[in-house]
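The values are calculated or read from the model by the stated rules, or taken from the named source; none is laboratory data. Every value quoted in this text rests on a predicted model; they were computed, and no experiment measured them. Here the Cβ is made from the backbone with ideal geometry for all residues, glycine too, and neighbour counts use every protein chain on show. Side chains included, ligands, DNA and RNA excluded: accessible areas come from the protein's heavy atoms. Shrake-Rupley method; radii C 1.70, N 1.55, O 1.52, S 1.80 Å.
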Amino acid sequence: MFITGYAVMAGAAERLVLGYDSFGNVCGRKNTPVKGAPLSGQDMTNKKYVFFLNSCSLEMQSLKISSVSLCVSSCPQEQLNSLEDLQIFARNNGSCLCVYNLNISSYTLNPKAAELCPTLPVPPSKSFPLFNRCVPQNPECYSKYASVLISMVNEMDVFHRILSGILAGRDTVIGLSFLALAFSFILVLAFRFIRTLLVHTLIALVVFGLLFVSGVLWWLYYDYRSDPSTELETEKENVRFLLGYAIFSTVVTVVLLSLILVLRKRLQFTIQLFQIVGKILGRIPFLLFQPLWTFLILIVFWLFWVAVLLSLGTAGTAQTTSGGQVEYRALSGISYMAWYHFVGLIWTSEFILACQQMTIAGAVVTCYFNRNKNNPPPHPVLASISVLFCYHLGTAVKGSFLITILRIPRIVLLYLYNILRQKESACAKCLFKCCFCWFGCQEICLRYFNQHAYTTTAINGTNFCTSAKDAVFILAKNSAKLASISCFGGFILFLGKVFVVCFTVFGGLMAFNYHRELQAWVVPLLLVGFFAYLMSHCFLSVFEVTADAMFLCFAIDMETNDGSEEKPYFVDQELLTFVSQSNKLTEGQKHRSTRCFQDNEDGTELQPMV
């Protein structure tokens with residue numbers, strides 16, 4: 001909270017894109033006065049463009065342009081050769097090109113007008129679309145201006161270039177996020193009423209999307225690399241990131257196509273699984289709307305997080321210099337606060353998703369252990385949310401914290417790899433990649449066990465550590481029976497997430513490709529992919545958590561009941577038949593003869609509840 005309040009007070013994100021003049025005024029907004037700067041605190045709402053008085057001979061001094069800059073309402077479209085021309089332009093267009101304290105009528109009378117007005121002649125200029133600068137159109141002036149601007153952008157640190165890209169592409173990022181939301185919601189409805197044709201259609205779309213996105217990424221990489229006008233560091237970063245995206249997308253495509261080929265024989269059982277899960281969701285229809293609340297909470301949090309990040313990136317103190325001018329100096333240690341803020345993004349996002357998982361698990365547990373399947377308990381979702389907030393928030397915090405601990409080393413390794421890849425040997429690079437993959441595998445396993453720990457908490461009401469221990473014991477005892485059932489459904493759901501990410505990223509590629517100038521759009525594109533995956537995971541996890549909770553309840557049912565009249569099973573006939581058939585298929589593939597899963601350890605035949 002301290003960082004949040006401090007960043008909001010000390011930052012001014014508008015300065016990063018809107019631009020500001022030499023007197024501490026941000027162009028395009030109403031400003032507050034800066035002590036010691038008499039020309040600060042002006043209303044610049046209608047003055048959106050930055051104009052340099054000496055645009056033809058700019059110089060860089062400590063990442064600052066030496067020329068005095070002003071906020072103007074329009075850039076001069078024609079060359080202005082005299083003070084009289086400046087005066088006429090100001091009167092006709094309402095855009096004053098001289099220092100603010102010089103009245104228009106005094107342009108030709110004040111003896112200091114030559115110092116307070118731009119260097120003559122003033123070349124014709126046009127507003128630059130990204131940084132809102134008046135860029136001179138005279139070839140000689142443009143060459144010098146562009147050289148200085150390129151040097152300034154290239155010498156900016158990566159953190160500020162990323163923030164510039166986020167701000168410049170904020171509208172596109174928001175639009176693509178809603179596109180991912182629409183795709184996710186359509187998939188939820190599709191899986192609710194799943195059929196064989198629908199699964200084949202989804203697989204075909206995923207294959208097409210993977211191949212198409214990989215091809216577009218490689219095409220864009222070669223297009224950018226062969227562009228002779230690539231001079232800015234942001235454009236070079238775009239090329240490097242595009243290469244990384246293309247390689248990653250190609251590898252994922254090959255792996256997923258191989259898995260689809262291997263697992264195609266399990267397709268019919270996967271459809272049966274989703275039909276059983278769909279019936280459970282039919283008893284608890286409000287579970288389908290649970291992701292909407294999670295999505296809204298995530299959106300509010302992400303917007304808040306980005307606002308604080310932008311404030312951190314522009315946090316600085318205004319200091320007056322000679323002549324009443326103002327300079328903003330960045331605060332030391334601000335990058336460390338940004339890293340802390342990034343950890344908060346991961347932990348809080350995972351906590352929100354953990355709360356959703358516990359809510360779904362609690363509702364499924366309530367319905368599974370209900371004797372009368374035709375008369376489900378009233379308001380299971382609200383009851384699950386109530387229990388979560390009253391008793392089990394600590395469980396969600398601990399589970400999300402463990403995932404964060406494993407996620408951070410992966411990010412650090414990726415960051416170090418990008419820094420050292422030009423210097424380190426091939427062995428060091430291979431070591432980095434192996435460590436990155438190892439942490440990724442550990443994170444996947446931890447997510448799986450966390451999810452079952454949440455279900456065990458919903459069943460027994462125990463704390464996180466006790467529930468995790470019980471879940472590991474049950475899964476270890478029944479791993480051969482349950483793993484083969486749930487993994488195929490999880491794979492189809494993963495393909496659904498890939499579908500959402502592929503087509504959202506493709507939309508981002510098409511949108512961002514039209515804005516190449518001075519825009520680090522690869523980072524906003526990465527954010528779009530991250531948000532698309534989180535949204536699809538948020539929606540499709542309803543089926544995933546429901547299936548996992550159902551099978552864990554089934555395993556516990558088998559452990560605690562014996563099918564007798566005193567201890568009848570809670571399982572219904574359809575689920576029992578499905579589990580039996582699936583395990584028979586697995587046993588046949590392994591060429592082993594084992595007794596039917598319908599018998600318990602004492603040889604008692606399972607008696608499904610009627």
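Each label point was placed 7 Å from the Cα along the Cα-to-Cβ direction; for residue 144 and residue 369 their separation is 8.0 nm. Which FRET efficiency value, to the nearest 0.05, is calculated for residue 578 and residue 254 with the Förster distance at 41 angstrom and r the Cβ-Cβ distance? Here the calculated transfer efficiency is 0.80.
Please sort 248-256, 361-369 by packing, taking for each peptide the average over its residues of neighbouring beta carbons within 10 angstrom, highest first. Mind dumping the intermediate values first?
Numbers: 248-256: 15.3, 361-369: 23.4.
Going from most to least packed, we get 361-369, 248-256.
Each residue was assigned an accessible area with a 1.4 Å probe, and for residue 200 the value is about 100 Å².
Using a simple spin-label model with pseudo-atoms 7 Å out from Cα toward Cβ, residue 435 and residue 91 lie 7.1 nm apart. Computed from the Cβ-Cβ distance with R0 of 25 Å, the FRET efficiency linking residue 182 to residue 411 stands at 0.30.
Note on residue 193 and residue 472: their simple-model spin labels are 4.5 nm apart, each label 7 Å out from Cα toward Cβ. Extension gain for residue 340 to residue 261 (0.36 nm times residue separation, less C-alpha to C-alpha distance): 24.1 nm. Where q = 0.16 Å⁻¹, what log10 of I(q)/I(0) comes from the Debye formula for the range 71-140, counting one point per Cα? Those come out to -0.52, one per q.
In what order, largest first, do 407, 240 sit by accessible area if the probe radius is 1.4 Å?
On the way: 407 45, 240 100 Å².
Largest to smallest exposure gives the sequence 240, 407.
Are any of the pairs 30/126; 30/144; 398/567; 35/144 more than 29 Å apart by Cα-Cα distance, and if so, which?
In this structure, 30/144; 398/567; 35/144 lie more than 29 Å apart at Cα.
Based on protein heavy atoms only, the range 43-117 ends up with 52 Å² per residue of surface accessible to a 1.4 Å probe. Counting heavy atoms of the protein chains alone, residue 297 has an accessible area of about 90 Å² for a 1.4 Å probe.
Please give the FRET efficiency for residue 318 paired with residue 390, using the beta carbon to beta carbon distance and R0 = 60 Å, rounded to the nearest 0.05. Before the final figure, lay out the partial values.
Details: r = 48 Å, r/R0 = 0.80.
Approximately 0.80, to the nearest 0.05.
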